[in-house]
Each structure stands twice: as C-alpha cells, then as structure tokens.
Amino acid sequence: MRHDRLLAYAMILPVVAAVLAFVVGPTYNVATLSLTKVVMGMERGFGTFDNFRALTADPVFWLVMKNTAIWILGGTVLCVTVGLAVGTFLALDSRLTGWLRALILLPWVIPDVVTAMAWKWMLHGQVGIIGQTLQDTGLTDRPISFLGDPQLVMWTLVVVLIWRKMPLVALILCAAIRSVPDDQLEAARMDGANAWERFRFVTIPNIAFSLTAVTVISMIWITAEFALPWIMTGGGPANASQIMATYIYQQSFEFFNWGVASAMSVINLLMLVSIVALYLYINRRSWASEGSQ
Amino acid sequence: MGSVALKDIRKSYGAVEVLHGIDLDIADGEFTVLVGPSGCGKSTLLRSIAGLETISGGDIILDDTKINTLQPKERDIAMVFQNYALYPHMTVAKNMGFSLRLSKVDKDEIDRKVRAAAEILDLTPLLDRYPRQLSGGQRQRVAMGRAIVRDPKVFLFDEPLSNLDAKLRVQMRSEIKELHQRLKTTTIYVTHDQIEAMTMADKIVVMRGGHVEQIGSPLELYENPASVFVAGFIGSPSMNFVRASAGADGIEYADGHWLGRPAAAIAPGRAVIAGFRPEDMRLADTGLPARVALVEPTGAETQLVLRTGQDSLVMTTRERVTQKPGDLVHVVVSEGKLHCFDADTERSLAPGAAPA
Ligand SMILES: Nc1ncnc2c1ncn2[C@@H]1O[C@H](COP(=O)(O)OP(=O)(O)O)[C@@H](O)[C@H]1O
Ligand SMILES: [Mg+2]
C-alpha cells in the first residue's frame with residue numbers, strides 16, 4: 001500500500017517539477033518583480049507599490065486599458081458572433097459548405113508574421129489594395145490610412161484579428177451545431193417554432209457549452225496575441241493602438257522598464273484568471289452537468 | 001374532429017421511391033397502428049403526415065382540408081418521437097408548455113393547461129425537474145404531455161416504446177391506450193412489434209416495402225390474413241407454412257397426407273402454400289406424421305417443434321405433453337383453420353380476400 005503511494009508520487013514528480021519550473025517559477029518571479037523597486041536594471045528594495053503607482057499615474061496606461069478593452073472585449077464578442085453566424089452557415093448541408101469548411105481554415109495555417117505583413121500592405125494608405133479599391137469604386141475620394149488614423153487603427157486591428165481567429169471558432173461551433181439532435185429540432189417544428197425560434201430555443205442552449213468554451217478560449221488567444229499588433233502598428237500612431245501585450249514588450253525590451261512591465265503583467269494575469277474563473281463558474285451552473293441541481 | 005385520409009401517397013428520396021402509393025382512411029377518434037418490418041416506410045409515412053417530410057405525390061386530407069403543403073405547425077398535429085426529443089435545458093413544465101409559449105398564450109393559461117396535462121399523466125410532482133433527472137418511462141410521459149397540452153386533432157407516435165424495458169413497455173402500452181380512451185383523439189401509432197399492434201389498435205395497417213399489405217381490425221388480420229406476409233407477421237409464434245397442393249377432397253401435403261379443407265374450392269392439382277397457426281394444431285392418432293424435435297414447456301402452454309419431410313412445424317398446446325424428442329406423432333389442423341395462399345403471388349385464396 002505504502003509502496004504504491006510512493007510509486008504514484010514518483011510517477012507524477014516530473015510533471016509537478018515541470019509545472020513548478022516553467023509555470024509557477026516565472027509567474028512568481030514576475031509577481032515579486034512587480035513589487036520591487038528597480039533602478040537601471042538593479043533591484044532596490046522589495047515590498048513597494050511604486051511600480052503600480054507609476055504605471056497608473058501615466059496617462060498612457062489608461063489609453064492602453066481602453067485599447068485593450070476594445071481589443072479583448074470587442075475582439076471576443078465579434079469573433080464569437082461572426083464565428084457563430086459563419087458556423088451556422090457552414091452547418092448547412094451542401095456541396096459549397098463542404099468545400100468552405102476545408103478552405104476556411106486557411107487563415108489559420110498562415111504564420112502570424114505573414115498575416116501581419118500582408119494586411120499591413122493591403123491596408124497601406126497610399127499603395128494598399130483595399131484603399132485603392134475603395135477609391136476606384138468611388139466609395140471614398142481621399143485615401144484612407146487605416147493604420148495611420150488614431151480613430152480607425154484599433155478597429156482595423158480588430159478586423160484583422162477576426163479574420164485570423166474567427167475560422168476555428170466557426171468550425172468548432174459548426175461541429176457543435178451539427179451535433180444538435182435532429183429530433184429536438186423536429187419536435188420544435190411540431191411545436192410551432194420557426195427557424196429563428198428553433199435556433200434561439202433549441203440550437204443555442206444545446207451548444208451553450210461550446211459557446212462558452214470558445215468565448216473563453218478566444219479571449220485568452222486574443223489576450224495573448226502579440227505579433228499581429230506589434231508588426232502591423234508597433235502600438236502607434238502615438239500609442240493609439242498600444243495594448244497590454246505590446247506595452248509590456250515595449251516597456252521591458254525597448255525601455256528596460258521592468259518594474260512597470262511586470263506590474264502590467266500582473267494586471268494582465270489577474271484579468272486572465274478572472275476570465276477562466278468566470279468560465280468555470282458558468283460551467284458549474286450548466287444544465288448538462290450531471291447530478292447538480 | 002380529426003379524420004385523416006391519405007390518397008395515393010408517394011415519397012421519393014432522390015431517385016429511390018420508398019412509398020409507392022399509400023391509400024388509407026382513418027375515422028375521427030380511431031387508434032390506427034402502422035406495423036411492418038424495419039425499413040418498410042412507416043416512419044416516412046408518419047413524418048409525411050406530420051409535415052416533416054414533403055411528399056412527392058398524392059394528397060393528405062385532414063377533416064376535408066388538404067394539408068399537403070402546410071408547415072407542421074399549421075397542421076394541428078402533434079408527434080411523440082422515439083427518443084422522446086425532450087429539450088434538455090427546459091424543465092418538464094417548460095417542455096410541455098413550449099408550444100403554447102411560442103403561440104403567445106398567456107402565462108396563467110399555459111400554467112393551467114400544463115398542470116391539467118400533468119395531472120392526467122401523473123407528472124405533477126416532476127414538473128420542476130429536468131429531463132436528465134427522469135427515468136425512461138417518465139420521459140416518455142413528458143413527451144406525451146407535450147403533445148396533449150396542444151390539444152391537437154391528431155396524435156402521431158413513432159415507436160414510442162422501443163427504448164423501454166419489456167415490463168415498462170407493457171405498462172406504457174396500457175397507459176397510452178387508456179389515454180386514448182379518455183381523450184378520444186385520433187391516433188396514428190407506428191411500431192414494428194406485432195404484439196403492440198394487436199393489443200392497442202382499432203385498426204391495423206400492415207406495411208411492406210412501401211406498400212400497404214392489408215388493413216383491418218386485429219382479429220380480421222389474425223383470422224383472415226390476405227397474404228403469406230401478413231399471416232406470418234401477425235401472431236406469435238408465427239404461422240406454419242408448407243408447400244401443398246389441392247386434391248379432390250381438400251389440401252394435401254407434399255407426401256400426399258390430407259391437411260384439411262380450404263375455405264373456398266380450389267381446382268384440383270393447383271399448387272398452394274398452406275398455412276396453419278401453432279395453436280390450431282392438435283396431436284391425433286392419424287394425420288400428418290412428424291417427429292418431435294424439441295419440447296418447450298412455458299408454463300400454461302407447451303411448445304413443440306416437429307419435423308416432417310423438409311418442414312419444421314411449431315405447435316402449441318395447453319394439454320399435458322408426454323412425448324419426448326425423437327417420438328413419432330400425428331398432427332391434424334383444426335376444422336376451418338387451414339389458410340391457403342397462391343404459390344406464386346402468396347395472396348390468400350379465401351373468398352373475399354383482397355386481390356393483389
Ligand atoms: N432521409 C432519407 N434519405 C434516403 N432514404 C431514406 C431516408 N429516410 C428513410 N430512407 C429510406 O426509406 C425507407 C423507409 O424508411 P423508414 O420510413 O424509416 O422505415 P421504418 O420506419 O418502417 O423502419 C428505408 O429504406 C430508408 O432507407
Ligand atoms: Mg422507423
């Protein structure tokens with residue numbers, strides 16, 4: 001008995017060690033760093049909220065928070081709603097949707113860097129194909145600088161983000177929609193539900209699990225997405241598209257401002273933790289979880 | 001009111017026709033059972049009536065109104081599905097009230113109707129539960145409740161009991177029958193189980209390969225089957241069939257032994273298929289000789305498997321059986337219980353039997 005237990009601990013030891021080394025370790029490091037005064041790369045005294053004070057005192061911080069909200073909340077909401085619409089369409093039976101289901105993953109297999117560069121050129125104010133097309137068709141008479149206009153840049157980034165992240169969401173939701181039992185939908189037809197009511201009252205509740213899961217996963221993906229905004233705008237113009245991820249990178253590796261960067265990282269982490277907690281809470285209350293009531 | 005008339009119903013999936021012209025009249029309040037082997041088109045026919053499938057030809061008439069092209073919700077027909085098809089995220093009460101909620105009936109009215117239906121089906125204590133918290137039989141009753149609440153002209157059931165265990169099936173069978181006697185709503189019930197059909201139906205429709213084979217009351221089908229197929233399908237254990245021919249004085253087995261007199265004169269020498277039910281056979285001193293292959297006492301009855309020539313015959317008797325496997329016995333068919341069928345068309349040769 002005792003022997004078995006020792007063996008069991010021995011077997012999980014490597015995994016525990018790896019988690020401690022690669023997850024808990026760095027997290028602890030950043031957390032303590034955020035509470036440490038750093039001057040010129042030298043640690044000077046632990047146990048201070050100076051980093052957080054410095055961070056929030058900078059007006060850029062609030063701009064970053066606003067941009068991050070657009071990036072994460074706007075991005076997630078659009079990613080899931082567009083993904084749901086596209087997934088619903090893909091779930092239809094036809095030859096066209098069969099092909100599209102395969103093709104739609106294309107944005108997923110293109111590397112971030114390539115995606116970012118390609119969109120950057122397509123959106124370019126003078127030579128970009130998108131602006132040109134708009135001008136040629138007479139929709140605008142002046143060139144639009146999608147990435148240069150502080151009013152537009154954040155939403156332009158979100159559009160590219162959707163293009164990149166939505167396909168997998170659509171595909172996951174498509175699979176979920178296709179697994180909704182036919183007889184429930186038919187029962188609803190007999191009960192007098194029209195197409196919208198069947199979608200609203202039968203399909204959506206049946207895919208609620210997948211829907212919350214992809215919402216949380218998209219949120220985490222989007223929070224962690226760095227290459228796309230960094231390459232396309234680098235946070236500019238004038239911080240108009242600065243989000244947490246790019247801000248942390250800039251503060252640590254361009255300005256070597258590690259105290260502030262780690263404070264921002266801690267805020268970022270707390271945000272992610274609350275997203276995951278929310279997810280677990282929603283799932284706990286779900287009708288489909290066995291036993292609870 | 002809820003009388004249904006089907007006129008020459010055809011249904012094709014692509015190039016494959018699965019219903020080949022079904023004609024059927026169902027009176028208001030009648031309990032009609034569609035029965036037949038798996039794949040014969042019962043569900044397709046039921047779903048066509050429901051409006052879940054569009055038919056390729058023919059007319060469906062409900063109370064003098066043609067409903068061919070109406071949407072399911074416009075037909076005033078309710079259906080109970082084989083797998084119950086309850087909405088898992090709604091309580092029993094919500095499941096039952098869903099159709100009323102969609103048609104914007106006010107809350108108190110929904111509540112009243114749901115309670116009334118729950119009362120009939122003994123579901124009152126379960127109204128706040130979710131489907132996953134119910135047993136199979138309870139789910140089945142909720143599915144019926146959902147149909148009752150709407151007070152439709154016609155109820156459709158598609159093999160509603162096939163997911164229940166044997167004991168519960170018998171119990172639900174009588175519950176459904178009682179419910180019908182109470183509500184007197186026209187009911188069309190699909191099953192592949194002939195016992196269900198025999199015990200529940202006012203009228204049985206035997207289907208085979210997309211055709212109607214015979215329509216009649218349970219006893220009519222039992223006593224005057226129109227074809228070898230119906231004769232073999234209805235009754236358990238199944239009817240025995242042997243190759244025989246008409247002689248001067250009745251039907252003779254292949255080896256020349258006399259089997260019995262047919263219901264109508266048959267030209268001597270004509271080859272026929274003779275059929276007789278296990279319970280219509282008796283052991284006697286003379287008659288068709290056969291060897292006992294198996295003796296199976298089932299309590300009240302004993303079932304014997306006999307071999308004669310190429311054929312294996314099953315007989316049941318309520319008398320005490322002393323014979324053992326290997327013994328030679330003689331069997332006779334009770335007077336008037338011999339069925340004759342054409343050897344080629346397999347249709348009955350009895351007078352009044354529907355022509356093929
Ligand atoms: N959606 C469909 N597409 C093509 N063939 C079908 C479809 N549904 C049923 N069929 C065919 O129609 C025939 C009748 O099916 P069904 O009505 O389900 O039989 P039953 O309910 O009597 O078992 C079967 O041969 C089946 O293969
Ligand atoms: Mg069926």
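Each value in this text was obtained by applying a stated rule to the coordinates, not by laboratory testing. Everything quoted here is computed from the prediction, not taken from an experiment. Here the Cβ positions follow ideal geometry from the backbone for every residue, glycine too, while neighbour counts run over all protein chains shown.
Expressed as cubic angstrom per residue, what is the convex hull volume of the alpha carbon set of segment A:122-192?
Values: hull volume 11.3 nm³, N = 71.
Spread over its residues, the Cα hull of segment A:122-192 gives 159 Å³ apiece.
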In whole Å, how far is the Cα centre of segment B:233-275 from that of segment A:217-237? 87
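Could you check how many percent of all C-alpha pairs in segment B:86-151 are farther apart than 21 Å?
Values: 244 of 2145 pairs.
For segment B:86-151, the fraction of Cα-Cα distances above 21 Å is 11 percent.
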Calculate one ³J(HN,Hα) per residue across segment A:60-70 by plugging θ = phi - 60° into the Karplus curve 6.51 cos²θ - 1.76 cosθ + 1.60, and present them in order as whole Hz with x for glycine and proline. 4, 4, 5, 5, 4, 4, 5, 4, 5, 4, 4
Isotropic mean projected area of the C-alpha convex hull, segment B:237-342 (nm²): 6.3
With label points built 7 Å along Cα→Cβ from the Cα atoms of residue A:88 and residue B:109, find their separation and express it in nm. 2.9
Where Lys and Arg each count +1 and Asp and Glu each count -1, what net charge lies around residue B:314 among other residues with Cβ under 12 Å from its Cβ? -3
Please list, ordered by chain and number, the residues whose modelled amide H lies under 5 Å from the amide H of residue B:259; skip anything fewer than 5 residues away on the same chain. B:251, B:252, B:253
Spin-label model distance (nm) - residue A:49 vs residue A:11, 7 Å beyond Cα toward Cβ: 4.7
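Relative to the present Cα-Cα distance, how much length would full extension add between residue A:99 and residue A:3 at 0.36 nm per residue of separation? Before the final figure, lay out the partial values.
On the way: separation 96, 0.36 × 96 = 34.56 nm, distance 5.64 nm.
Using 0.36 nm per residue and subtracting the Cα-Cα distance, I get 28.9 nm.
Given a Förster distance of 45 Å, report the FRET efficiency between residue A:159 and residue B:13 from their Cβ-Cβ distance, rounded to the nearest 0.05.
Once rounded, the FRET efficiency stands at 0.55.
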Can you give the extra length, in nm with one decimal, that the chain gains between residue B:167 and residue B:129 once fully stretched, where that is 0.36 nm per residue apart less the Cα-Cα distance? 11.3 nm
Cross-link reach list, lysines versus residue A:165, counting only Cα pairs under 27 Å and skipping chain neighbours closer than eight places: A:66, A:120
Return one quarter of the surface area of the convex hull spanned by the alpha-carbon atoms of segment A:52-291, equal to its mean projected area, in nm². 17.0
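Looking at chain B, what % of its DSSP beta bridges pair antiparallel, to the nearest 5? Intermediate results must be reported in sequence, preceding the final value.
On the way: 59 of 77 bridges.
Here the share of antiparallel DSSP bridges comes out near 75 percent.
Where Rh is the Kirkwood radius over the Cα pairs of the protein assembly as shown, the temperature 10 °C and the viscosity 1.306 mPa s, what D in µm²/s does Stokes-Einstein return? Walk me through the intermediate numbers first.
Values: Rh = 31.7 Å.
D, rounded to a whole number, is 50 µm²/s.
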Applying 1/(1 + (r/R0)^6) with R0 = 60 Å to the Cβ-Cβ distance of residue B:69 and residue A:137, what FRET efficiency is obtained, to the nearest 0.05? 0.85
Mark the label point 7 Å from the Cα of residue A:70 along Cα→Cβ and return the residues of segment A:99-123 whose backbone N is within less than 18 Å of it. A:120, A:123
Per residue of segment B:174-185, what does 6.51 cos²θ - 1.76 cosθ + 1.60 with θ = phi - 60° give for ³J(HN,Hα)? Whole Hz please, x for Gly and Pro, Karplus curve as stated. 6, 5, 5, 5, 4, 4, 5, 5, 6, 8, 6, 8
Anyone know which of A:11, A:271, A:154 comes out most mobile in the 10 Å Cα GNM of chain A? A:11
Of B:168, B:46, B:34, the most mobile residue in a GNM of chain B (C-alpha springs, cutoff 10 Å) is B:168
Using label points projected 7 Å from each Cα along Cα→Cβ, tell me how many nm separate residue B:219 and residue A:175, to one decimal. 6.0
If the cut-off is a Cα-Cα distance under 22 Å, which lysines reach residue B:107, setting aside same-chain residues fewer than 8 apart in sequence? B:73, B:94
Which of the aspartates and glutamates could a cross-linker bridge to residue B:203, judged by Cα under 17 Å and excluding same-chain residues fewer than eight apart? B:23, B:25, B:28, B:30, B:158, B:159, B:178, B:193, B:213, B:220, B:223
If you fit an axis through the alpha-carbon atoms of helix B:136-149 and take the longest principal axis of the Cα set of chain B, what angle between them do you get, 0 to 90°, nearest 10? 60
